[in-house]
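First comes the structure, then the notes that go with it.
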Amino acid sequence: MSFSWIPFYEELADKLLEYKNDRSALISKVKTMFNNIEHNLPKIEKDNDNINNIDPFTVFSLFNFGKLSVPNRIERCKGYKEVFDIKSDVPVDLDGIPIQNYSKFCFYEFSHKRKDDTCFDTLWDFFEIALKYADSDGSGVYETDFERLFDEVKRLPHIGPAKLSIALFHIRPRFYLSLDSNIKSIINDDAVDAKEYLQILNNVKDNISSYGANNIPELSAKAYEKSDSSSTKTAAKKKDASIEENHTEAKTLIMGDSKSNYDKNLILYGPPGTGKTYNSIIYAVAICDYRSYEDVKAENYYDVVIPRYRELCDAGRIAFTTFHQSYGYEDFIEGIKPFTTDDDNVGYRVEDGIFKKFCLDNGSLSYDFDKMWESLIEHAKENGGTIVVELATKTRELRWDEATEKFYDNDKMQYESVTYDEVKLIFNGTFDGNKRSGSKMQKWYNGKAIVDYMKTHFAKQSVPNKVFIIDEINRGNISKIFGELITLIEPSKRGGAREAMSVKLPYSGDDFTVPQNIYILGTMNTADRSIALMDTALRRRFKFKEMLPDTSGLGFEIDGVNIKSLLDRINERIELLYDREHTIGHSFFMSLKENNDISALADVFEKDIIPLLQEYFYGDYEKIRLVFANNDFITVKDVNDPVLIDVDIATKYEINKEKLKDPEEYKKIYS
């Protein structure tokens, strides 16, 4: 690999620094560049005609984000070379360059959302210090400022360590390491702040040969090849890969890794305290923002994820409810509810339930033909100029010819070609080929297949993803709550699918179907009800992701007590004495990171852990004592009451609150 892009990227970064205090000139040059190469300027402000500020990382992202083909990225490099008078050659390859999420490539919120423009000053200051730090080969003179500004930028909305590290790699690829999903799959590490990032960076550099690379750009290229997740590589390997799999940062969603789509119906299940509700919020934000779960999880939960979650709730794109024993069809779908009339009489009317409202308030599915056609052509080009469409009884490969601007049937060539105008007539229902005669008959078949293909793959882009969260889904009577909709939530039965179904609702008489863009996300506490006891109809229609205790974040001590070892050993014994569904989650101990006092640990055991074990083992204190390795948390006392002398009660058990404050008693559990 030549890595011809490195000198160009580094010189562009140097050129951009000259505009730190003249951003209006930089904005003008960016607009000029896009005009010169006849590309549309991506949306970098609510109104692109009124851009008042910009940062250098966003300027880099304009030719390094998902959905943009390599030829178009190189074309933008040519444009930058001209307007910034860059001496380095335009890249002939873009090997190993990680790219930003196409829907979140800007490093700032648009003007109608941000309070002020201070974020731009922070971004420029960090850009400048990052260049100085790299050019000084990590000099300690700049390290403190680098760490401070890294963490400040990371806390800005929609910016996490992964996104920030990709931006650093772009401006100084010989020095900085990207922590994109491809790299993380190789180094098996991740960072949450500047100190951790620099530690990982130095560790990788010190051990670079162990990864089969000589330097960071080679490592990035190796990760790029291993993942095979770039849209250009995917297109080369899969002639007609679906839109959902064309790019690591595509509009469709990835779950867990870069090759898995989010399931339409998913239940997070596990013991108490394993972060099911916590993770449901991360998943919901990721789904709505067309991002990977890992990228959202890497962001600060309380400073970034929760505010974004609330924004999406306010926008009607996320709804939350909790099932319980009294929850019914009338609350969820629709029912007859009383109301008071103007003359103070009682009347009755049909009212929509929370889920029906959520589905109906779904925007318009009015198809924009020109936008769909544009996406179709771009998709065809990315896949070698072809698409595979479905006819009534078979599939057919159609090839886009740029010169004639027609789609040709690869088998029949000219005879069955269709143009933009012909497909649009079919779309509008005005193509006279509906008469099914002669060559027009086959044109109509091919054109209709193209229309169906566009609606299936591109129409949903105009309707944003929405997430309906059901907490404690197993506590409700599923057949009573979902009713006939249990069939409609299946992906293959949803609106727009080939097997789409609708039902006539019993109270309103409305025809109802579940839209494709609705994701249902449930949580389930296995200690409350085993997954094996779930309603069979629900089990068949949902995917399940197990959430087990994760002690990786408990690597700290309180008065010499290793919290990770403590919980690991407790759960090992619970699993042997009961089962894995009744283990204890890590979230009970997370607050101790901030309040690492033995009294706080005692409070967790007295008010959370011991009551939970009492419930698990139905008051069998001998088993609870075994979980605690027979330490002195629970003391045994003989019964000497003469009244009970003939009753088989030999002992009684008491919780020793003083021993709960003794670090040595905790150490006995795992030593």
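The values are calculated or read from the model by the stated rules, or taken from the named source; none is laboratory data. Keep in mind it's a predicted model, so treat the numbers as computed, not measured. FYI the Cβ positions are ideal-geometry reconstructions off the backbone, even for glycines, and counts take in every protein chain you see. Note: accessible area is taken over every heavy atom of the protein model, side chains too, but ligands, DNA and RNA are not part of it. Shrake-Rupley method; radii C 1.70, N 1.55, O 1.52, S 1.80 Å.
Of note:
- Neighbour-limited loop hits for GluC sites (Glu not before Pro), segment 559-615 (at most 14 other Cβ within 10 Å; DSSP other than H, G, I, E, B): GLU594
- For the chain, a simple Cβ point-charge model (Lys and Arg +1, Asp and Glu -1, everything else neutral) yields a dipole of about 2280 debye relative to the Cα centre.
- Estimated at 0.36 nm per residue, the fully extended path between SER139 and ALA403 surpasses their Cα-Cα distance by 89.5 nm.
- Placing unit charges on each Cβ (+1 for Lys and Arg, -1 for Asp and Glu) gives the chain a dipole about its Cα centre, and among ALA319, TRP373, ILE166 the Cα reaching farthest toward its positive end belongs to TRP373.
- Amide N proximity, segment 63-90 versus ASN36 label position 7 Å along Cα-to-Cβ, cut-off under 19 Å: 63-64, 71-90
- Extension gain for the segment ASN188 to ARG114, taken as residue separation times 0.36 nm less the Cα-Cα distance, is 23.1 nm to one decimal.
- Cα pair count fraction exceeding 20 Å, expressed as % - segment 19-127: 41 percent
- Taking 22 Å as the limit for the C-alpha separation, the pairs LYS29/LYS163; LYS163/LYS264; LYS356/LYS480; LYS115/LYS154 exceed it in the case of LYS29/LYS163; LYS163/LYS264.
- Normalised by the number of residues in segment 283-365, the mean separation of alpha-carbon contacts (under 8 Å, six or more apart) gives a relative contact order of 20 percent.
- Summed residue charge, Cβ within 12 Å of LYS657's Cβ, Lys/Arg positive, Asp/Glu negative: -4
- Annotation: the antiparallel percentage among DSSP beta bridges lying fully within the chain is about 60.
- VAL388-TYR618 pseudo-label distance in nm [points 7 Å out on the Cα-to-Cβ vector]: 5.6 nm
- Dividing the summed helix terms, -39500 (n - 2.57) for each DSSP H run of n ≥ 4, by the number of residues in the chain produces a 222 nm estimate of -12000 deg cm²/dmol to the nearest 500.
- Given the alternatives [x] 104, 74, 57; [y] 111, 61, 61; [z] 100, 68, 52, Cα extents along the principal axes in Å as computed for this entry is given by [x].
- Expressed as a whole percent, the accessible surface of the chain that belongs to carbon and sulfur atoms is 46, based on a 1.4 Å probe.
- Distance between modelled label sites at LYS195 and LYS424, nm, 7 Å Cα→Cβ extension: 6.1 nm
- Rounded FRET efficiency, nearest 0.05, which uses the C-beta distance separating ARG174 from ASN52 and R0 of 25 Å: 0.15
- Since only PHE146, TRP124, GLY66 are under comparison, the one whose Cα sits farthest along the positive direction of the charge dipole of segment 52-146, derived from C-beta charges on Lys, Arg, Asp and Glu, is GLY66.
- Local electrostatic count, HIS324, Cβ distance below 11 Å [Lys/Arg +1, Asp/Glu -1]: -2
- Under 5 Å between amide hydrogens, built in the peptide plane, is the criterion, and for PHE65 it picks out GLN100 among residues at least 5 positions away or on other chains.
- Pairwise label distance in nanometres, SER492 with ASN21, each label 7 Å out on the Cα-Cβ vector: 6.6 nm
- Probe 1.4 Å, protein heavy atoms only - accessible area per residue of segment 80-159 in square angstrom: 44 Å²
- For the pair LYS78 and TYR301, a Förster radius of 45 Å applied to the C-beta separation gives a FRET efficiency near 0.60, rounded to the nearest 0.05.
- Here the relative contact order of the chain, from alpha carbon pairs under 8 Å that lie six or more residues apart, stands at 11 percent.
- Extension gain, ASP632 to ALA315: 0.36 nm times the residue separation minus the Cα-Cα distance gives 108.8 nm.
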